[in-house]
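Working notes, beginning with the structure itself.
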Amino acid sequence: MDHFDEFSRPLEYLSPLDKHLRTVLRTYIEQEIMPLRRRYDEDWKEHTLIEPAFDKIMGELGLQKALFPQEYGGWGLAGSDYIFRFAYQLCEELGRADTGMAVALAVTFWPLLVIHLEPYVNERLIAEFAPMFCSTNKAVFAANAMTEPQGGSDIENMGLLKGRTIRTTARQEGDQWVINGHKLWPTNSGGTARLFGVPCTTRPGSADIDDFAFIYVPADAKGVTQGGPYEKAGMAADKNGDIWFDDVRVPAWYRAHGPGRDAGAFYQLISFGQVASTAFLTGAMMNMYERLYEFVSTRTYRNRPLKENEAVAGIIGRIAGDIDICRILGHEAAMMGDRRNKPYGLPLVSEELVGKIRNIKDFVSDRAVENLGKAMDVLGCYGPDRDWDIEKHWRDIKIIQLWMGGKQLCQMESARYFFNCETL
Amino acid sequence: MNRSLDYLFGTAVGDRGEDAQGVISLVRQWAEKEVIGNRLDYQRNYAVLFEEKARVLALSMGLQRLALPEDQGGFGWHDPGHVADVAAVLSEVGRADSSTGVLLTMNYALFSILTRFSEGREGLVEAMTASYLDDGLKITSCVLPGPGSAGRETPLYKGRSIPALVESRDSGSTLSGANIRPFAAGLRADLFLAVCADEKGRPCIALVPGDKPGIQRGREVLTTGLNALANADISFVETEITRESLIQEPEAVPMLFTLLNLFLGGVSLGAGMNFFEILGDWSHSRVIRGSTPLKENPLCASVLADVAEDIACSRLLLEDLARLVSPSPRAWSLDTEGLYTYAVMIGARIQKGIMRAINRGMELMGSAGYAKEWHAEKHWRDVKTIQSLLCGVGAAAPVKMDTARFFYDCKEI
Ligand SMILES: Cc1cc2nc3c(=O)[nH]c(=O)nc-3n(C[C@H](O)[C@H](O)[C@H](O)COP(=O)(O)OP(=O)(O)OC[C@H]3O[C@@H](n4cnc5c(N)ncnc54)[C@H](O)[C@@H]3O)c2cc1C
Ligand SMILES: Cc1cc2nc3c(=O)[nH]c(=O)nc-3n(C[C@H](O)[C@H](O)[C@H](O)COP(=O)(O)OP(=O)(O)OC[C@H]3O[C@@H](n4cnc5c(N)ncnc54)[C@H](O)[C@@H]3O)c2cc1C
């Protein structure tokens, strides 16, 4: 194999943007991110190095506009039939360099998709938020604030719990929503985001999806307080912290769609998040392959290149084989998302699609966690060395296995579909 | 948790002398009072507090003297009869902080080797002991055989490249080798315990004071874990070493590997035990599905069981390995080669087991497992670092080759 691009993916699945985006994005990434990424860990709090890189790819290159319709200055991709595959490619390319950056960008799309994706489109809110993202050359972030102190998994476990455990409340007073609650961990919190999408409940303790509300809150609204970023094992480019909503008032029409429809639009997000997560992982693994290739070709055991030793070859062959398989699966997951509007596709909220995509993400996360760990071991005393990049990916991607409701929730949603479990 | 780690995981308490029990319980108190009880502070000011707490342990409490010869003021735990106790002590240290455990491991390995091959080196033993009895915290850095570079043939230790070469001179020898990556702590090492090759390509050990002329240190390497033990690539440029500080006895290098596998198994086990405690608290207090304690969910319970199983089995393996290494009329006797093979094989298994336990346990902790505040992630990074360093290049492939060679009499691998 001559190049990491040769890892398999169904070529007929590629989006029309694939070639162009790959060329432009890769150049940006190799110029702006790769040379500095080894210093990102120490930059977790200030983002002195990270912020300018975001400005380049999100603001200057304009990726943050991608979802918005062209009439608002966007690229109109949310309305295309390849938004999942576009996102996959974007997240894989960025994930190759830095999965923390990839998640910060993908999560900016996340709450915005709630008002963009058919059949849940809210033109008024699109028009309201478009200028924030489309009329600037600086990076602008959004966050999807689901997780609460008592637990994130339950909130994502919509199929079973239907929002019953959400404690953040929304109360309507005249033409305003009044929001109270405490969220933590959202990507792009810790002072980064300008806009939050906030899943909340209009009747605490209710398992009626009509009581689930998805409401947009500008970060500078009165009553919003944010804590500083948490220090984490990795993913320095993503800031995560606490957000308190204390009698925060927003216009009534900042609710995404209204009773029942909010839950549907929100549930669509889960699969998008899982597809993006899979793309971060294959991107990181492809970069692991590049670095591993160099190591096993130039370093020796018994004075022969490591890759020429059968025992080592057995290990690295399996690693590369797994990447190949995972990439095919990732593209399949993205395609499942893009088939949603086709006669032979499934709605994003169907149990089958949710279960299958969660399963793919779970499978690929396990492969990534194991293979990056193994690759570190192949490097031996150089495995924990930042200069070889593999350890960074190993630290960064562990959370991909744990977020969005955790690994066990993936297993449950998959069992629920494949075995028709009724109580899990 | 209402049951003690000792009750849950058991120890060979019966085999342990009173002295050993005393030291172990003192170290446990240190771990709990100085580190575990102040985790947040320790994490936030790691560089400073590591040094401070390691000094308390090594100097005020005397752990730096543990493996020094008794007749010179040490505790005399350098002999094979004490390896199980040393491993147990290191587990207690590892429960608090793996870097401190690795620091002590290197010192203990040094004195175990030095005293084992003390014949004709009495002066050296005396001088080294005196310097480690001194007031300062001493850092020993091991240089082990590892990956070679393509196109540059080196002498081998069981397939692994030996990076430093010794050349004899009239008055002693010189050591040469460029850009060598020590196991850990190379940047500020007071002494290098370097595996090198003599002129016939035979593996031996050189003891090189860190302030010798001809030692060049590269910039600090940023690493996944063991962050308190700043490392750097080292070049020996015709560094002079005395005749007695070159240990050429054939058993020396296998013995070093044997001890490192045992002692570092102890350190990682300790880290695993503390992770077990953190996970235990979490699974007891965290609620999922609105009202179910995490540990009462059968799927989560099965992950918890896997974690406990890996830690328990690693602990049993460690005790067995310690028993093999200590001379006992009851033990089945292995030669140096056999012992070496068992040590690397079990050592790799312990690291893998603890790593798997932490990796899986983190699955249940969501974001908390990933936040520095919860400390689970530190054990994860530290143990992974020890595992990658110890098992060697090729993802334990060299250990597999050692094992196959011993059990199947392979000749060419
Ligand atoms: C880098 C990073 C980025 C993040 N980004 C976001 C974001 O953009 N938005 C956001 O809202 N949150 C975000 N999070 C939070 C993350 O999604 C949550 O941590 C995650 O969903 C798990 O929630 P929790 O930590 O509260 O764990 P809990 O919900 O307490 O779950 C703990 C564990 O319980 C188990 N479990 C849970 N439910 C079940 C079940 N039904 N059956 C069996 N076992 C179960 C799982 O093992 C789970 O890991 C992020 C976190 C990090 C670290
Ligand atoms: C049910 C069944 C159906 C079969 N059907 C057919 C059939 O239709 N046609 C047919 O021709 N044969 C058939 N076979 C035979 C089968 O394909 C061979 O057994 C197989 O190819 C291995 O060959 P071998 O048994 O001669 O083992 P060997 O070739 O002696 O190999 C032994 C082992 O050595 C190892 N090895 C070999 N080469 C390497 C290498 N380069 N590097 C590292 N390790 C290596 C492998 O682990 C291998 O398993 C069948 C066997 C069975 C049991």
Regarding region A:323-346, can at least one residue be identified that is in contact with an Asp or Glu (Cβ under 9 Å, 6 or more places away or on another chain), open to solvent by less than 10 Å² (accessible area, probe 1.4 Å) and among the aliphatic types (A, V, I, L, M)?
no
Quick one: which residue in A:K361, A:K398, A:K374 is within 16 Å of ligand 1 (Cβ to nearest atom), charged (D, E, K, R) and at the interface with another protein chain (Cβ under 10 Å from one of its Cβ atoms)?
A:K398
Given the condition within 23 Å of B:D15 (Cα to Cα), away from ligand 1 (no atom under 16 Å from the Cβ), assigned to a helix (DSSP H, G or I) and away from every other protein chain (no Cβ under 13 Å), answer yes or no: does some residue in region B:301-312 qualify?
yes
Quick check: anything in region B:33-40 modelled with pLDDT of 95 or more, over 19 Å from the mean Cα position of the chain (by Cα) and closer than 20 Å to B:L133 by Cβ?
no
Pairing a residue in region B:213-237 that is on the phi > 0 side of the Ramachandran plot with any residue that is of a type in the set (A, V, I, L, M) and open to solvent by 30 Å² or more (accessible area, probe 1.4 Å), where Cβ atoms lie under 7 Å and the two sit 6 or more apart in sequence or on different chains, gives B:G214/B:V237
What pairs come up if the first residue lies in region A:136-153 and is at positive phi, the second is assigned to a loop (DSSP other than H, G, I, E, B), and their beta carbons are under 8 Å apart, counting only those six or more places apart or on different chains?
A:G151/A:T165; A:G151/B:R286
Which residue out of A:E92, A:E46, A:E6, A:E71 is among the acidic types (D, E), at pLDDT 95 or above, surrounded by fewer than 21 Cβ atoms within 10 Å (Cβ to Cβ) and closer than 21 Å to A:D396 by Cβ?
A:E46
Taking region A:29-43 and keeping only residues that are among the hydrophobic types (A, V, I, L, M, F, W, C) and surrounded by 20 or more Cβ atoms within 10 Å (Cβ to Cβ), one is left with A:I29, A:I33
Region B:177-266: strands (runs of 3 or more DSSP E) wholly inside it with 1 or more residues that are under 22 Å from A:M376 (Cα atoms) are B:215-221, B:231-241
Residue set A:D322, A:D387, A:D377, A:D366; condition under 20 Å from the mean Cα position of the chain (by Cα) and part of a helix (DSSP H, G or I); output residue A:D366
Would you check if B:C142 is within 11 Å of chain A (Cβ to nearest Cβ) and in contact with a helix residue (DSSP H, G or I) (Cβ under 7 Å, 6 or more places away or on another chain)?
yes
Scan of region A:352-387 for residues that are surrounded by fewer than 20 Cβ atoms within 10 Å (Cβ to Cβ) and farther than 22 Å from A:C326 by Cα, ordered by number
A:R386, A:D387
Identify, please: which residue in region B:365-413 is more than 28 Å from A:I397 (Cα to Cα) and touching a Ser or Thr at 6+ places or on another chain (Cβ under 7 Å) and is, among those, surrounded by the most Cβ atoms within 10 Å (Cβ to Cβ)?
B:D402
Search region B:340-364 for residues that are more than 14 Å from every other protein chain (Cβ to nearest Cβ) and open to solvent by less than 10 Å² (accessible area, probe 1.4 Å) and pair each with any residue that is among the aromatic types (F, W, Y) and assigned to a helix (DSSP H, G or I) when their beta-carbon atoms are under 7 Å apart and the residues are at least 6 apart or on different chains.
B:Y340/B:F257; B:T341/B:F406; B:A343/B:F257
Please give the number of the condition A:Q408 fails out of (1) within 16 Å of ligand 1 (Cβ to nearest atom); (2) part of a helix (DSSP H, G or I); (3) more than 10 Å from chain B (Cβ to nearest Cβ).
(3)
Kindly state which helices (runs of 4 or more DSSP H) lie completely within region A:78-162 and contain at least 3 residues that are away from chain B (no Cβ under 14 Å) and within 16 Å of ligand 1 (Cβ to nearest atom).
A:83-97, A:99-116
Conditions: (1) farther than 26 Å from A:L348 by Cα; (2) of a type in the set (K, R); (3) near ligand 1 (Cβ under 9 Å from one of its atoms). A:R194 meets all but one. Number of the miss?
(3)
Would you confirm whether any residue within region A:169-178 is more than 14 Å from chain B (Cβ to nearest Cβ), assigned to a helix (DSSP H, G or I) and open to solvent by less than 10 Å² (accessible area, probe 1.4 Å)?
no
For region B:1-93, which fully contained helices (runs of 4 or more DSSP H) count at least 2 residues that are of a type in the set (D, E) and more than 18 Å from B:M106 (Cβ to Cβ)?
B:18-30
For the structure I just gave you, tell me whether A:G283 is open to solvent by 10 Å² or more (accessible area, probe 1.4 Å), within 28 Å of A:D5 (Cβ to Cβ) and in a helix (DSSP H, G or I).
no
Away from chain B (no Cβ under 14 Å), within 15 Å of ligand 1 (Cβ to nearest atom), more than 30 Å from A:V349 (Cα to Cα) and open to solvent by less than 10 Å² (accessible area, probe 1.4 Å) - does that describe any residue in region A:242-264?
no
Any chance region A:202-215 includes a residue that's within 23 Å of A:G273 (Cα to Cα), out of contact with any Asp or Glu (no Cβ under 6 Å at 6 or more places or on another chain), assigned by TED's automatic domain parsing to the domain that holds A:F245 and assigned to a strand (DSSP E or B)?
yes
Considering only region B:275-289, state which residues are within 10 Å of ligand 1 (Cβ to nearest atom) and open to solvent by less than 40 Å² (accessible area, probe 1.4 Å).
B:W282, B:S283, B:I288
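The values are calculated or read from the model by the stated rules, or taken from the named source; none is laboratory data. Quick caveat: nothing in here was measured; it's all calculated off a predicted structure. When we count neighbours, we look across all protein chains shown, and the Cβ atoms used for this are built from the backbone with ideal geometry, even at glycine. Just so you know, the surface numbers come from the protein's heavy atoms only, side chains and all, with ligands and any DNA or RNA stripped out. Shrake-Rupley method; radii C 1.70, N 1.55, O 1.52, S 1.80 Å.
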